[in-house]
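The structure is given below, and queries will be raised subsequently.
The values are calculated or read from the model by the stated rules, or taken from the named source; none is laboratory data. This structure is a prediction, so every number in the text was calculated from the model and none was measured. Don't worry about glycine lacking a Cβ; one is built from the backbone with ideal geometry, like all the others, and counts go over all protein chains shown. Accessible surface areas use protein heavy atoms only, side chains included; no ligands, DNA or RNA. Shrake-Rupley method; radii C 1.70, N 1.55, O 1.52, S 1.80 Å.
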Amino acid sequence: MKLGADEIKLPTSINICEVGPRDGLQNEKTLLSIEHKVELIEKSVQAGAKIVEIGSFVHPKAVPQMADTDAVARKIRRVDNVEYRALILNLKGLERAEDAGVTKAKLTASASRAHSLANINRTPEEVVRGFEECANYAATHNMELSGAISTAFGCPFEGRVAAEQVLSVVSCFREIGVKELSLSDTTGMANPLQVYELCTKVQKQFPDVKWVLHFHNTRGMGLANVMAGMMAGVKYYDACFAGLGGCPFAPGATGNIATEDLIHMCHEMGIATGYDLDQVISIGRTIRKMIGHDTASFVLDAGKCSDIVKPQK
Ligand code: ZN
């Protein structure tokens with residue numbers, strides 16, 4: 001792969017979905033109040049988020065941090081043209097989402113057979129086919145679905161996940177009518193070359209799908225992976241305020257790439273995100289106070305590049 005400047009094609013803008021209220025907060029020991037969650041979501045939208053994952057409709061015993069997603073969804077002041085989505089696992093979750101006024105829901109299946117069998121004793125393909133009733137319900141209730149393919153790049157049980165396995169899960173999602181799919185590096189095992197190759201492959205094979213990338217920064221490859229995704233032409237990325245995150249069902253998984261780090265990198269390169277970075281940084285500081293500990297965010301620690309440039313005398 002040649003990397004001369006004139007060979008790199010990057011988008012002029014990307015879309016960043018704020019997944020902090022779900023992927024971030026679900027792993028925190030501190031349970032935030034409904035008011036604090038609402039504040040974080042509303043501030044993220046004010047800062048420029050056009051897509052926010054506000055929580056999940058799953059069993060409260062499984063993920064107590066998300067038990068109040070219904071109340072959060074009802075309380076947030078909605079802004080036009082902003083997508084508020086939530087994670088669900090089944091039809092019951094989808095009905096709860098609808099009741100709370102959430103019209104976009106995300107369903108997750110693992111790309112890794114071993115991961116899927118270990119967690120829920122079903123193959124990835126069986127899991128996605130099981131979502132058909134959700135797809136039918138959404139189609140008749142004016143709701144939209146997106147799919148997330150977790151462990152799409154690597155998995156603690158089987159190591160590198162083959163592209164063919166990912167494509168097989170994509171096919172199943174397409175069969176039930178889901179047209180928006182995210183490839184999630186749940187365990188932070190993806191590397192940039194792998195991201196470039198897989199993104200190129202899936203876009204070629206499924207050009208009608210809206211592709212989203214979701215990276216955890218477990219081994220410091222998160223932003224490099226975004227760069228590889230952008231070079232492959234992908235324009236939608238998940239990120240998490242203050243770099244919170246992880247996955248309670250994936251051993252060793254740590255935080256998502258931080259929203260402020262991703263925005264900062266894009267703005268430094270002249271790629272528009274629609275966010276006001278200073279506002280996002282201020283949200284990150286608020287979160288650190290709310291949860292009472294430091295988080296994995298470079299920009300929150302070091303400041304922006306432009307902060308340290310001294311005026312010339
Ligand atoms: Zn995640």
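Let me spell it out: the conditions are (1) surrounded by 24 or more Cβ atoms within 10 Å (Cβ to Cβ); (2) touching a residue at least 60 places away in the same chain (Cβ under 8 Å), and residue 50 meets all of them except one. Which number is the exception?
The number of the failed condition is (1).
Name every residue in the stretch 274-301 that is free of Cβ contacts under 8 Å to residues at least 60 places away in the same chain, open to solvent by 70 Å² or more (accessible area, probe 1.4 Å) and closer than 25 Å to residue 30 by Cα, in order of residue number.
Matches in the stretch 274-301: 285, 289, 293, 294, 298, 301.
In the set 254, 286, 218, which member is away from the ligand (no atom under 16 Å from the Cβ) and hydroxyl-bearing (Ser, Thr, Tyr)?
286
Can you name every residue in the stretch 112-134 that is in contact with a strand residue (DSSP E or B) (Cβ under 6 Å, 6 or more places away or on another chain) and either in contact (Cβ under 8 Å) with a residue 60 or more places away in the chain or not in a loop (DSSP other than H, G, I, E, B) (or both)?
115, 116, 124, 127, 128
Still on this structure: Can you tell me which residues in the stretch 221-235 are within 16 Å of the ligand (Cβ to nearest atom) and open to solvent by 10 Å² or more (accessible area, probe 1.4 Å)?
Across the stretch 221-235, the qualifying residues are 221, 223.
Is the stretch 182-204 home to any residue that is surrounded by fewer than 23 Cβ atoms within 10 Å (Cβ to Cβ), touching a helix residue (DSSP H, G or I) at 6+ places or on another chain (Cβ under 9 Å) and of a type in the set (Phe, Trp, Tyr)?
Scanning the stretch 182-204, I find at least one residue that is surrounded by fewer than 23 Cβ atoms within 10 Å (Cβ to Cβ), touching a helix residue (DSSP H, G or I) at 6+ places or on another chain (Cβ under 9 Å) and of a type in the set (Phe, Trp, Tyr), so the answer is yes.
When you look at residue 190, is it part of a helix (DSSP H, G or I), of a type outside the set (Val, Ile, Thr), in contact with a strand residue (DSSP E or B) (Cβ under 8 Å, 6 or more places away or on another chain) and more than 11 Å from the ligand (Cβ to nearest atom), yes or no?
no
Can you list residue pairs whose Cβ atoms sit under 8 Å apart, with the first residue in the stretch 11-24 being under 19 Å from residue 235 (Cα atoms) and among the aliphatic types (A, V, I, L, M) and the second being more than 9 Å from the ligand (Cβ to nearest atom) and in a helix (DSSP H, G or I)? Count only pairs 6 or more apart in sequence or on different chains.
Final answer for the pair search is 14/230; 14/266; 16/259; 16/262; 16/263.
Tally up the residues in the stretch 136-149 that are open to solvent by 10 Å² or more (accessible area, probe 1.4 Å) and in contact (Cβ under 8 Å) with a residue 12 or more places away in the chain, please.
7
Take the residues in the stretch 193-210 that are more than 16 Å from the ligand (Cβ to nearest atom) and under 30 Å from residue 298 (Cα atoms), then tell me which one is nearest to the chain's Cα centre (by Cα).
Looking at residues that are more than 16 Å from the ligand (Cβ to nearest atom) and under 30 Å from residue 298 (Cα atoms), I get 210.
Name the single residue that is farthest from residue 271 (Cα to Cα) among those in the stretch 1-44 being open to solvent by less than 20 Å² (accessible area, probe 1.4 Å) and aliphatic (A, V, I, L, M).
Among them, the one singled out is 32.
While we're on this one: For residue 212, indicate whether it is touching a Ser or Thr at 6+ places or on another chain (Cβ under 6 Å) and modelled with pLDDT of 95 or more.
Spelling it out, residue 212 is indeed touching a Ser or Thr at 6+ places or on another chain (Cβ under 6 Å) and modelled with pLDDT of 95 or more.
Let me ask something additional. Kindly indicate the residue of the stretch 54-81 that is open to solvent by 20 Å² or more (accessible area, probe 1.4 Å) and among the aliphatic types (A, V, I, L, M) and also nearest to residue 129 (Cα to Cα) among those meeting that condition.
Among those that are open to solvent by 20 Å² or more (accessible area, probe 1.4 Å) and among the aliphatic types (A, V, I, L, M), it is 62.
Now a separate question. Which of the numbered conditions does residue 244 fail, given that it passes all the others? Conditions: (1) of a type in the set (A, V, I, L, M); (2) more than 16 Å from the ligand (Cβ to nearest atom); (3) surrounded by 20 or more Cβ atoms within 10 Å (Cβ to Cβ).
Status for residue 244: all satisfied but (2).
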